[in-house]
Every structure is written in structure tokens, then in C-alpha cells.
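This report concerns only the one structure given below.
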Amino acid sequence: MKVEFAPLHVPLRRRIQTAAVLQWVFSFLALAQVCLAAFVLLCVSDWWILGALYAGWLYLDRDTPSCGGRRSQWVRSWRMWTYFREYFPITLIKTADLDPRHNYLLGFHPHGVLVAGGFGNFCTEASGFSQMFPGLTPYLLMLPFWFRVPFFREYIMSGGLVSSEKASASHLLSHPGGGQAAVIAVGGAPESLDARPGAVTLQLLQRKGFVKLALKHGAWLVPVFSFGENELFDQMENPTGSALRRMQDRLQRMMGVAMPLFHARGVFQYSFGLLPYRKPIHTVVGRPIPVTQTPCPNKDDIDTLHSLYMKGLTELFEENKKNYGIPEDKHLNFI
């Protein structure tokens, strides 16, 4: 395979952008393992008392990821996130006002491989969420598994990440006075296994738990589509029924974490590596769907609102796809 190397004379700003994305990829793929190893080494070293004290802190603080986390405006405003946004670049587009007197459940689509648009728009201030939607506090829901990793949990909570447990979402959506925006990648880990350029297949038909939560708490639903999310990485072919896909599905059921075999570009060459391609991401926040609080929603209530949500998401996609290079004959495919 011919390797395409990066030019020697690349502007410094682009180098910094690449470094910002490199640390983000490292954080997603390896930082948790490094933090766990550091904690183990601390516990078996002469400084074991610090490890013991932190273990006690983990026990006392175990409910925090399910109770709104512990966000840091300082971390969310790091200059590094501006370079991260510029790398792609990432753009947040508003189509309607969101009244801060309500709580909202934002459904993020598609999941993509590493949810770059979700992180850049809702876990940092780089794209201007707070200015665009004043009075709303965004939280991105993440698998509970990651909040059990020492040190790593503190870092991800500082950006506004919280556990995706039902209790965590309920805590946010039941906030008196409104102002909370819980963001969930509805397709979840399984959808990442189909994330490749050109894909518009969403796992949504049987995913109704988020709709039930919205009804129970009277939180308004907001469809969000991130154009370009699936263009960032290539992925090994893994059609349904293939040996690779069966293994990935089995691992996902066992561990709760998907294992997409993805690749894109490197740091000093463009032919292979784990850095995403420099492809623009346009995250479009749709119009809110009013929800009347129903403490004990029945199947018909859930199905009716779920249909309204799919209709709203479809309209959002169809109204905006021509702006972002998607052919007129391509439509969302719900599975």
C-alpha cells in the first residue's frame, strides 16, 4: 500500500488541531486503562495509603455519576477544545429556540464510531452551546461502566458526562424548574458497528425506553442529527451474519461495549491510523416535541410519541440533507 505522507510545511495551527484530536482519541481508547493501571500501581507502592483513601472516596462518591455528575466549566472551556472543533470542523446548528423552563431529552443520531459531534457540542463550550441555548445545561449520557474506572471517572464527569442508567436520566429530567438537557445517543453501542461513510441506518424502531422516560417526567423530546458523523472513519466489512459481526455482537452483549474495527489516518501520514479524517460535522438540533407528563405511560402512549419522534427526526434529516451533500434519493433507514 502506498503511504501518503503529510507535507513537511504544515501550518502550526493545523498541527495543534491534530494534537488536540490525538489526545481525544487516546482518552477514548486508552486513558481508562492507563488510569486503572496507575491506581493499581499506587495501591501496591509505598504510597498505598493514597490508594486506600481514594478507594474510600470512590465508595462515598459512587452515586455522583447518576446524580448530575460533577462538571467543571474550566475544563469545558479549555482552549484545546477549540482546536479539537477546528480540526473537523464541528458546527452546531439551531433550528428552534428551546425554552429553559422545560427539561429536554435530546436524541443524538447517528452514534458514529466515537460520537465526536456529541462530545464536541455537548461536553465542551467550543461550539457555543451555552450562547446558542441560554439557560440550558447539557449532559451527555455514557455507559455506566466507565464511571467505575478510578481517576478516569473524574475527568469525564468534568466535561458533563453522566451515567446512562435510568436513575441518572430520571434525575436530570425531573429537575424542578427545567433547564436540563440530557443528550443520549439513541442507537447506542450496536449502532457504532454500522458506522461507515455513507451509512444512514439508525437503530431506533425498537428503542423506546427514552420515550418512556420523557413521558414519565414530561421532558420535551428533541431530535438531533449530526451530518458527517459517519464519515470520520472507515470500518472493516462486518455484514450481519458474518463471523466478525457475530463475534462483535457477542462481545457487546457480554461487556456492554462495542468493538468496531475502524481505521482512518495517522499523525504524519494520511493512509492508515486511528485519527479521524478531517471531514466536517454539522450537528443540527431540531424542533422540540412537546410532551405531557404521564407518570404511568401505557404502550399506546409510548408508541404514539415514538412515532412522532421518528417523524420529527425524518423531517429534520430531509429538510437539511441537501445542505450537507447527501443525495436527494437517500433516506433514513430505521431498524
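The values are calculated or read from the model by the stated rules, or taken from the named source; none is laboratory data. None of these values were measured; they are calculated from a predicted model. Virtual Cβ from ideal backbone geometry, glycine too; neighbours counted across all protein chains shown. Note: accessible area is taken over every heavy atom of the protein model, side chains too, but ligands, DNA and RNA are not part of it. Shrake-Rupley method; radii C 1.70, N 1.55, O 1.52, S 1.80 Å.
So, residue 3, is that one hydrophobic (A, V, I, L, M, F, W, C), open to solvent by 40 Å² or more (accessible area, probe 1.4 Å) and more than 27 Å from residue 270 (Cα to Cα) or not?
Details: hydrophobic (A, V, I, L, M, F, W, C): yes; open to solvent by 40 Å² or more (accessible area, probe 1.4 Å): yes; more than 27 Å from residue 270 (Cα to Cα): no.
Against the criterion (hydrophobic (A, V, I, L, M, F, W, C), open to solvent by 40 Å² or more (accessible area, probe 1.4 Å) and more than 27 Å from residue 270 (Cα to Cα)), residue 3 does not qualify.
For region 211-258, give me each residue that is in contact with a helix residue (DSSP H, G or I) (Cβ under 8 Å, 6 or more places away or on another chain), open to solvent by less than 20 Å² (accessible area, probe 1.4 Å) and either modelled with pLDDT under 90 or part of a helix (DSSP H, G or I) (or both).
Correct list: 211, 214, 215, 229, 258.
Here are 105, 29, 41: which of them is open to solvent by 50 Å² or more (accessible area, probe 1.4 Å), under 18 Å from the mean Cα position of the chain (by Cα) and either under 30 Å from residue 320 (Cβ atoms) or of a type in the set (A, V, I, L, M) (or both)?
On the way: 105 fails: open to solvent by 50 Å² or more (accessible area, probe 1.4 Å); 41 fails: under 18 Å from the mean Cα position of the chain (by Cα).
29 is the lone residue from the list that is open to solvent by 50 Å² or more (accessible area, probe 1.4 Å), under 18 Å from the mean Cα position of the chain (by Cα) and either under 30 Å from residue 320 (Cβ atoms) or of a type in the set (A, V, I, L, M) (or both).
Every residue in region 268-293 that is modelled with pLDDT of 95 or more, out of contact with any Lys or Arg (no Cβ under 7 Å at 6 or more places or on another chain) and in a loop (DSSP other than H, G, I, E, B), please.
Result: 274, 276, 278, 279, 280, 286, 287, 288, 290, 291, 292, 293.
Looking at region 132-168, which of the residues that are closer than 18 Å to residue 213 by Cα and out of contact with any strand residue (DSSP E or B) (no Cβ under 6 Å at 6 or more places or on another chain) is least open to solvent (accessible area, probe 1.4 Å)? Spell out the reasoning first.
Keep residues of region 132-168 that are closer than 18 Å to residue 213 by Cα, which gives 138-144, 162-168.
Add one more test, that the residue is out of contact with any strand residue (DSSP E or B) (no Cβ under 6 Å at 6 or more places or on another chain), and what stays is 143, 163, 165-167.
Working: 143: 65, 163: 2, 165: 77, 166: 141, 167: 68 Å².
Residue satisfying both the conditions and the ranking: 163.
Please verify whether residue 267 is over 22 Å from the mean Cα position of the chain (by Cα), surrounded by fewer than 16 Cβ atoms within 10 Å (Cβ to Cβ) and β-branched (Val, Ile, Thr), treating the condition exactly as stated. Give the derivation first.
Details: over 22 Å from the mean Cα position of the chain (by Cα): yes; surrounded by fewer than 16 Cβ atoms within 10 Å (Cβ to Cβ): yes; β-branched (Val, Ile, Thr): yes.
The answer is yes for residue 267.
Give me the pairs: first residue in region 122-142 and on the phi > 0 side of the Ramachandran plot, second residue outside any loop (DSSP other than H, G, I, E, B) and of a type outside the set (S, T, N, Q), beta-carbon distance under 7 Å, and six or more apart or on different chains, which are they?
Correct list of pairs: 128/92.
Could you grab the pairs with beta carbons closer than 6 Å, sequence gap of 6+ or different chains, first residue in region 59-76 and under 15 Å from residue 159 (Cα atoms) and touching a residue at least 12 places away in the same chain (Cβ under 8 Å), second one open to solvent by 90 Å² or more (accessible area, probe 1.4 Å) and of a type in the set (Gly, Ala, Ser)?
none
Mind checking whether some residue in region 138-153 is farther than 19 Å from residue 58 by Cβ and basic (Lys, Arg)?
Taking region 138-153 and keeping what is farther than 19 Å from residue 58 by Cβ, we get 138-141.
Subsequent filtering for residues that are basic (Lys, Arg) retains none.
No, there is no match, as no residue in region 138-153 is farther than 19 Å from residue 58 by Cβ and basic (Lys, Arg).
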